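Student: Got a structure for you, questions after.
The values are calculated or read from the model by the stated rules, or taken from the named source; none is laboratory data. Predicted, not measured: the structure shown is a model, and the values here were computed from it. Cβ: placed from backbone, ideal geometry, glycine included. Neighbour counts: every protein chain shown. Calculation scope for accessible area: heavy atoms of the full protein, side chains included, ligands and nucleic acids excluded. Shrake-Rupley method; radii C 1.70, N 1.55, O 1.52, S 1.80 Å.
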Amino acid sequence: MITSVREFGDYFEGVRRRTLRFCDAVPAEAVDWAPKSGEYTCGDIVRHLAASEAMFTGVVTDGVWRYSGHERRRAATLGAALGLLDAEHAAARAALARVVDGALGTERPSILSAAAGAPGARPIRAWRVLMAMCEHEVHHRSQLASYLTLMGIEPPDIFGLGVEDVERLTAVATGRTE
């Protein structure tokens, strides 16, 4: 359970920093690239992350689900989409800074209850909404990693180390030499 808004913000900064490395690996000319028709484009993913962060933090701060969309008209270029992501992130951080720690345990409407009172919909605690935001971002970061691979671009290592580096370092640390 998350009990500190500030600590969550610090954690999410790391999540976002890693996501931005994947966004930065997308060539500017690939903003409208998608693996097939009907799938999100690279630009859609970045715009979707921006709209979703605003949506998730809006649920925590005022209990309302609002999604502003990820349409190309919101930010047509990759640079504009990244600017939108940065602006929405700054606004979300400012809004969350006004949330008191005790509010993290309070209930918010689930997306299902917000959707015309769907049967069986139960409220969700604010801290769980923030965790859902993290999981959502990681999902779309992985999507970008797959897109980069399909474009023939090596995606960045998530923590700056590849699996080969980890294998080598653990072998050295445990005294294994193979």
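Student: Could you bin all the Cα-Cα distances of the stretch 11-75 into 5 Å bins starting at 0 and give me the percent of pairs in each, rounded to whole numbers?
Tutor: Per 5 Å bin, starting at 0, the Cα pair percentages come out as 4, 16, 21, 23, 20, 11, 5, 1.
Student: Report, by chain and number, residues whose modeled amide H sits under 5 Å from the one on residue 108, excluding near sequence neighbours (fewer than 5 apart, same chain).
Tutor: Correct list: 124, 125, 126.
Student: Mind checking the full-extension length gain between residue 150 and residue 66? Use 0.36 nm per residue of separation minus the Cα-Cα distance, one decimal, nm.
Tutor: Stretched out fully, the residue 150 to residue 66 stretch lengthens by 27.0 nm.
Student: Hey, what's the chain come to in accessible area per residue, 1.4 Å probe, Å²?
Tutor: 55 Å²
Student: Can you give the calculated 222 nm mean residue ellipticity of the chain, where each DSSP H run of n ≥ 4 adds -39,500 (n - 2.57) and the sum is split over every residue, rounded to the nearest 500 deg cm²/dmol?
Tutor: So the helix-based figure for the chain works out to -19000 deg cm²/dmol.
Student: Rounded, prolate or oblate: which one fits the chain, using the alpha carbon gyration tensor with axes a ≥ b ≥ c (rounded when a/c is under 1.5, else prolate when a/b beats b/c, else oblate)?
Tutor: Oblate, because a/c is 1.5 or more while a/b does not exceed b/c.
Student: Roughly speaking, to the nearest percent, how much of the chain's 1.4 Å accessible area is carbon and sulfur?
Tutor: Heavy-atom surface of the chain belonging to carbon and sulfur, 1.4 Å probe: 56 percent.
Student: Could I ask something else about it? Can you list which of the trypsin sites (Lys or Arg not before Pro) found in the stretch 19-106 are DSSP loop residues with at most 14 other C-beta atoms within 10 Å?
Tutor: Hits after loop and neighbour filter: 36, 66, 98.
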